[in-house]
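Engineer: If you scroll down you'll find the structure; I have some questions about it.
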Amino acid sequence: MSSAPGEAAGTTPEPRADSTLLSASAVMAAGTVVSRLSGFVRNALLAAAIGFELHADVFNIANTVPNMLYILLAGGLFNAVLVPQLVRAMKNDADGGEAYAQRIVTLAGLFLAVVTAVLVIAAPLLMRLFLADAFFTPELAEQRASVIAFARYCLPQVFFYGMFVLLGQILISRGRFAPMMWAPIANNILSIGALVAYLFLFGPAAGKELTGGFTPGQELLLGLGSTLGIVAQFLVLLPYLRAVGFRYRARYDFRGTGLGHTLRLGVWTVLFVVVNQVAYTVVVNLASSGTADAVAGAAGGGSGTGYSIYSSAFLVIMVPHAIITVSLATAMLPRLSASAADGDLGAVSQGVASTLRQALALIVPVAVLIPIVALDLASLIWGYGAATSTYPDTALALALFAPGLVLFTSHYLILRGFFSLERTRTVFWIQCVIAGTNIVLALALTRSLGTEGTAFGLVLAYGGAYLAGVLVSYLWLRHVLGGLETGALARFGLRLLVAVGVAGLAGWAVRQGLEQVLPADGKLAAVLVVTVVTIAGAAVYLGMSRVLHLGEVTAVLRLVTGRFRR
């Protein structure tokens with residue numbers, strides 16, 4: 001049986017193109033590593049200050065609204081749709097896309113400013129979408145008031161998140177990958193300062209505080225500190241824009257300039273956003289019920305797991321995705337867009353397939369390692385202050401998230417192929433499948449697991465949703481491109497599973513041995529377990545990669561060792 005175009009058994013990546021992709025990805029990954037490490041410090045301080053119970057959910061749910069809109073609106077429309085359009089404008093316009101970028105910035109700034117103002121004014125109505133019914137009982141009136149106050153402090157982040165992403169994509173389209181990945185460090189530094197001040201002034205929550213609301217002073221410090229961090233993150237990009245020669249001038253001549261085509265593409269992305277928002281709203285609402293119902297007595301009292309546990313575990317599980325997958329995808333998208341603009345579907349197929357293999361070669365071993373070290377990792381990150389007694393719940397959530405990491409990574413990269421082809425309508429329909437699956441599974445699992453298992457049910461629903469998503473997106477893109485190197489991917493997958501299986505067994509054996517000689521608790525023991533198990537597992541995996549000729553792993557190793565030599 002003959003292979004379809006782009007799916008020939010002997011297809012291999014172009015070495016020079018892959019080397020360029022990996023080099024650009026490494027620059028972004030380095031910034032992401034530092035950013036995420038500082039983010040861990042911020043997250044640890046936040047957990048130490050307010051814990052993981054209802055008290056924490058009050059702040060984290062309010063603070064997640066601008067984050068949600070950033071990911072769904074700015075991250076979707078600006079990142080996926082505008083990058084290909086900026087590349088085309090630079091390639092086809094006489095001024096190298098300067099006027100087009102100025103119009104985009106003007107239009108986006110006006111839109112985001114209006115949306116942000118409306119959201120701040122409508123904060124009480126908006127938060128009703130995200131809060132369980134228990135928040136609107138007399139027992140939780142104090143907590144409800146704090147949620148609304150935090151929302152008003154945090155919602156201005158929507159404007160600065162959106163402008164940050166847009167300006168970052170202008171830099172990326174001009175070959176400057178690093179600033180967008182390094183800028184969040186400024187955000188984390190300011191947030192860390194605010195949290196240190198919070199702990200100094202108010203101390204960690206304890207006793208009834210762990211399920212109560214906040215004082216006005218606490219709301220001001222936490223809410224304003226969070227927003228000022230996002231403002232700083234945006235401001236960091238401005239000098240780099242001048243360095244690449246971009247000079248902003250407000251332009252309102254939107255007609256007949258190509259923006260209509262961009263906005264028509266954006267229609268389907270906005271619908272994508274709406275579908276995602278519906279699913280995410282259901283998830284947050286269900287998550288809020290875990291802690292709120294337990295405190296309000298709707299579940300007969302007792303403890304519950306909610307949004308803070310779910311989101312904290314998600315933050316950690318997305319670190320390898322951000323370091324590896326996002327860096328690869330961001331560097332890959334301009335190249336895919338250029339190939340798509342030239343009508344070279346074979347190059348698009350090869351680009352998606354090779355990048356998918358590179359990402360999986362690094363993501364899958366991480367996903368196998370996480371459940372082995374989850375409890376020790378959770379102790380190191382969150383086992384302090386107000387979170388001392390509840391951090392084990394985040395360990396279980398981490399372990400359950402691991403399969404979802406692999407599935408989400410695969411789906412994320414496959415979608416870059418659709419975006420490069422401007423198939424935003426297709427992406428919308430795929431997202432409908434994911435959102436529908438997520439909602440159905442979330443409702444079923446949280447109902448069956450009760451308040452104590454709410455967070456864990458939502459984690460499992462996430463993995464199930466992206467299992468459906470990756471199957472649909474892969475088969476659909478393969479059909480569109482006439483092939484996606486399925487044979488090469490299958491052979492690679494078999495070798496990868498053998499390598500990570502042996503490495504996982506080695507890591508588990510090492511952990512069992514360490515448990516016999518190390519004390520049962522303590523931070524030093526946790527550090528040793530995470531370090532030794534990671535090193536042992538990585539060494540076995542690298543050895544198996546050489547034996548099984550996993551070229552994607554050795555390509556990354558050559559890049560890393562080459563940089564160390566230099």
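Engineer: With a sphere of radius 13 Å drawn around the Cβ of Pro184, what net charge do the other residues whose Cβ falls strictly inside it have (Lys, Arg +1; Asp, Glu -1)?
Structural biologist: With Lys, Arg at +1 and Asp, Glu at -1, the neighbours total +2.
Engineer: Taking every Cα atom in the chain, find the radius of gyration and the maximum pairwise distance Dmax, and write them in Å.
Structural biologist: Cα only, the chain: 23.5, 72 Å (Rg, Dmax).
Engineer: Summarise the accessible area of the chain (1.4 Å probe, protein heavy atoms) by the percent that is carbon and sulfur. Please report the intermediate quantities before stating the final value.
Structural biologist: Working: 15500 of 22680 Å².
Carbon and sulfur together cover 68 percent of it.
Engineer: Taking every alpha carbon pair in segment 102-176, what does the distance histogram look like in 5 angstrom bins from 0, in percent?
Structural biologist: 3, 14, 20, 16, 13, 11, 9, 7, 4, 2, 1, 0
Engineer: Mind checking which of Trp382, Leu396, Ser327 is farthest towards the positive end of the chain's charge dipole, using Cβ charges of +1 (Lys, Arg) and -1 (Asp, Glu) about the Cα centre?
Structural biologist: The residue sitting farthest along the positive end of the dipole is Ser327.
Engineer: Now a separate question. Computed over the Cα atoms of segment 381-476, what is the ratio Rg over Rh, Rh following Kirkwood? Intermediate values should be presented prior to the final figure.
Structural biologist: Details: Rg = 16.1 Å, Rh = 14.7 Å.
Ratio of gyration radius to Kirkwood radius: 1.10.
Engineer: A further question follows. Given 10 °C and 1.306 mPa s, how large is the Stokes-Einstein diffusion coefficient of segment 267-359 in µm²/s, with Rh as the Kirkwood radius over Cα pairs?
Structural biologist: Details: Rh = 16.7 Å.
Once the numbers are plugged in, D ends up at 95 µm²/s.
Engineer: Also, I was wondering about something else. Note down the net charge around Ala151, summing +1 for each Lys or Arg and -1 for each Asp or Glu among other residues with Cβ under 12 Å from its Cβ.
Structural biologist: Numbers: positive: Arg128, Arg144, Arg152; negative: Glu219.
That sum, taken over residues with Cβ under 12 Å, equals +2.
Engineer: State the dimensionless ratio Rg/Rh of segment 184-226 (Rg: radius of gyration of Cα atoms; Rh: Kirkwood radius). Walk me through the numbers on the way to the answer.
Structural biologist: Details: Rg = 11.3 Å, Rh = 11.1 Å.
Checking Rg against Rh, the ratio lands at 1.02.
Engineer: Right, another one. Roughly what percent of Cα-Cα pairs across segment 127-231 reach past 25 Å?
Structural biologist: Working: 1997 of 5460 pairs.
That tail contains 37 percent of the Cα-Cα pairs.
Engineer: In addition: Of Ser311, Ala509, Thr534, which is farthest towards the positive pole of the chain's charge dipole, taken about the Cα centre with +1 and -1 on the beta-carbons of Lys, Arg and Asp, Glu respectively?
Structural biologist: Farthest towards the positive pole: Thr534.
Engineer: Per residue, how much accessible surface does the chain expose to a 1.4 Å probe? Answer in Å², no decimals.
Structural biologist: Values: 22680 Å² over 566 residues.
With all protein chains present, the chain gives 40 Å² per residue.
Engineer: Here's a follow-up. In the chain, with Lys and Arg counted as +1 and Asp and Glu as -1 at Cβ, which of these residues, Phe135, Ser288, Gly543, has the Cα nearest the positive end of the dipole, that is, farthest along it?
Structural biologist: Going by the charge dipole, the pick is Gly543.
Engineer: Find the all-direction average of the projected area of the Cα convex hull for segment 316-393, expressing the result in square nanometres with one decimal place. Each step should come with its number before you reach the end.
Structural biologist: Values: hull surface 25.4 nm².
If you wrap the Cα atoms of segment 316-393 in a convex hull and average its projections, you get 6.3 nm².
Engineer: Amide H of Gly212 versus every other amide H placed in the peptide plane: which residues, excluding those fewer than 5 positions away on the same chain, fall under 5 Å?
Structural biologist: Distant-sequence amide H within range of Gly212: His55.
The values are calculated or read from the model by the stated rules, or taken from the named source; none is laboratory data. This one's a predicted model, so the numbers in the text were calculated from it and none came from an experiment. Neighbour counts run over all protein chains shown; Cβ positions are idealised from the backbone, glycine included. SASA here: full protein model, heavy atoms, side chains in, ligands and nucleic acids out. Shrake-Rupley method; radii C 1.70, N 1.55, O 1.52, S 1.80 Å.
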